[in-house]
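The values are calculated or read from the model by the stated rules, or taken from the named source; none is laboratory data. Just so it is clear, the model here is predicted, and its values are computed rather than measured. Cβ atoms come from the backbone with ideal geometry, glycine included; neighbour counts cover every protein chain shown.
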Amino acid sequence: MLFGMFAIAASAEGPDPANNNGDPDHNAEIITTDVDGVLENANNTADGVDTNDGTARGSVIKNLQGHKTHTSYQNNTNSCASCHQTHTSKGDQLLFADTVYQTCTACHDGTLGFLNVFADGSEATTDGAGTFGGSHGESMHMANDTIKINAAPGGNPVDTSKTKGTMWGESFNCASCHAPHGSYSDRLLQYNPNGIGSMPASQGGNQLENVPVVDRLPVATDTVKPDVVLYRTVDADGVVTVAQYNKSGSTYVKSTAPWLYGYDNRTNEKLYWTRLENATAGISSYNKNVYFSFDHAEVYSVNQAGADILKTATKGFIARPVVVEMAQEGHHTVQSAYWLGAPIAQFGGKTSQELVDLGYKVDASGKVTNVGVQMSKFCAACHTDYMQANSEGKKSHFGEETAAYRHSTNSDSYTCVRCHYSHGTDAEIMKDALGRTVADLTGTPEFPTKDDAMNYMTDNNASSALKKFTNMSVCWACHNSSHAETIKNAERRADHPVGMPGTN
């Protein structure tokens with residue numbers, strides 16, 4: 001007993017050097033305070049949740065040094081308690097607040113020092129997602145659980161089938177666009193927004209269906225050029241690996257794009273998004289001898305039983321997550337990369353092949369394009385009909401009931417993020433047709449005061465959602481010069497940008 005008491009006292013004096021994940025600078029403090037015979041809750045879960053004036057950050061956010069709130073969890077993580085309460089939660093997701101929106105905004109409302117999604121126009125930056133906190137001609141995504149996903153313009157407000165309608169009926173909130181537990185994308189963007197990643201390709205999703213399993217890579221010819229194959233190999237110990245391959249030119253290169261894990265329970269049995277099947281045994285992905293490495297796009301076995309299963313696999317179903325890469329300088333997103341491209345060095349260490357596997361284009365000079373298109377594909381998970389080519393004209397993903405002519409969005413020249421912010425907008429972060437902001441205009445002879453500039457910049461029709469340009473300046477930003485010859489008495493200036501401004 002004495003030895004135990006000294007041991008407890010010693011561990012309570014400071015960090016535990018054994019609990020550092022191999023990092024001498026990463027120590028987890030062990031709290032063992034005895035209060036009236038009861039061991040105090042080391043996490044202090046829920047303390048300070050209702051004190052949202054900036055003073056409770058240390059109580060609400062319980063990260064240890066080196067631990068992240070939203071991703072990269074370790075087996076000794078303390079981060080779960082930042083959002084969840086095991087016994088005293090206010091909802092069935094064990095969140096400390098009664099909705100996803102309330103939980104997220106308890107930290108992201110600016111009071112705790114984290115990214116403030118409600119920053120007003122004077123604080124918000126034009127290189128991010130905009131703001132939910134606008135006050136002048138503002139509009140925003142209603143991500144506060146008050147509407148359903150099927151309210152998305154261009155979406156699917158009528159289909160309630162199990163195949164398509166499951167996700168559409170869910171409430172729209174922060175988690176509809178962001179994955180708090182981690183993501184393959186920048187800014188924690190959802191890897192499966194509105195179920196699009198796990199939806200079969202025949203329904204407009206990312207899941208590849210009936211992909212053949214082969215024992216060797218097929219030879220590419222003028223008529224046989226499969227985009228994806230599954231290749232089976234056997235090592236000296238009889239262990240089989242089945243890996244996804246993407247065609248690159250006339251050769252085949254192992255894909256670096258991940259697969260998507262999970263399953264739907266739309267029928268009486270689990271239907272895995274990514275799985276292997278054979279002619280007799282059916283789904284084999286649930287067998288304990290077969291393992292799926294989703295980050296590395298591989299299926300493998302570690303024993304002969306698993307190898308025997310993989311040897312008989314005849315086809316695969318591969319669901320690929322939605323991955324959005326953003327060109328970044330420090331913590332700032334390079335907006336112009338959406339329509340002008342950016343050097344590969346600004347894409348988080350990704351190699352050229354990795355970016356190509358994810359759907360981006362990389363030229364010989366290392367410039368990455370298709371950035372705006374990939375972002376538009378993310379938006380089109382809900383705004384389905386808005387993703388199309390100019391040549392496609394009248395089209396609807398869900399049928400003629402919503403068919404209409406739409407602006408082209410499938411090239412970097414014209415994509416969602418070229419005209420719209422993701423969170424919301426405000427007069428102070430909008431631009432006029434000449435690419436000027438309120439800050440640029442204030443103090444000029446034309447607009448001596450900030451109020452003058454605000455009156456000029458405030459959108460006359462705030463219901464037009466999320467615009468980066470005030471009123472219809474977004475049209476004039478592109479449709480000038482030769483595109484607007486029939487417009488008479490339009491403002492012509494030497495400093496007028498050619499097309500949409502190409503800087504941040």
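What the table shows:
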{"quantity": "Candidates Thr77, Thr99, Thr103, filtered to the one that is buried (at least 17 other Cβ atoms within 10 Å of the Cβ), free of Cβ contacts under 8 Å to residues at least 60 places away in the same chain, within 16 Å of Ala175 (Cβ to Cβ) and of a type in the set (Val, Ile, Thr)", "calculated": "Thr103"}
{"quantity": "Among residues of segment 336-351, those that are within 16 Å of the chain's Cα centre (by Cα) and not hydroxyl-bearing (Ser, Thr, Tyr), counted", "calculated": "2"}
{"quantity": "Test result for Ala433, surrounded by fewer than 17 Cβ atoms within 10 Å (Cβ to Cβ) and among the hydrophobic types (A, V, I, L, M, F, W, C)", "calculated": "no"}
{"quantity": "Residues of segment 190-210 that turn out to be outside any loop (DSSP other than H, G, I, E, B) and over 17 Å from Tyr261 (Cβ atoms), as a count", "calculated": "6"}
{"quantity": "Top-ranked residue in segment 139-169 [being farther than 19 Å from Thr99 by Cβ and of a type in the set (Ser, Thr, Tyr); ranked as modelled with the highest pLDDT]", "calculated": "Ser139"}
{"quantity": "Qualifying residue in segment 341-361 (condition: part of a helix (DSSP H, G or I) and farther than 19 Å from Tyr184 by Cα)", "calculated": "no"}
{"quantity": "Residue in segment 347-372 that is surrounded by the most Cβ atoms within 10 Å (Cβ to Cβ), counting only those that are among the hydrophobic types (A, V, I, L, M, F, W, C) and closer than 13 Å to Met326 by Cβ", "calculated": "Val371"}
{"quantity": "Output for segment 121-136, where each listed residue is surrounded by fewer than 23 Cβ atoms within 10 Å (Cβ to Cβ) and modelled with pLDDT under 90", "calculated": "Ser122, Glu123, Thr125, Thr126, Asp127, Gly128, Gly133, Ser135, His136"}
{"quantity": "Sole exception among (1) touching a residue at least 24 places away in the same chain (Cβ under 8 Å); (2) outside any strand (DSSP E or B) for Ser365, by number", "calculated": "(1)"}
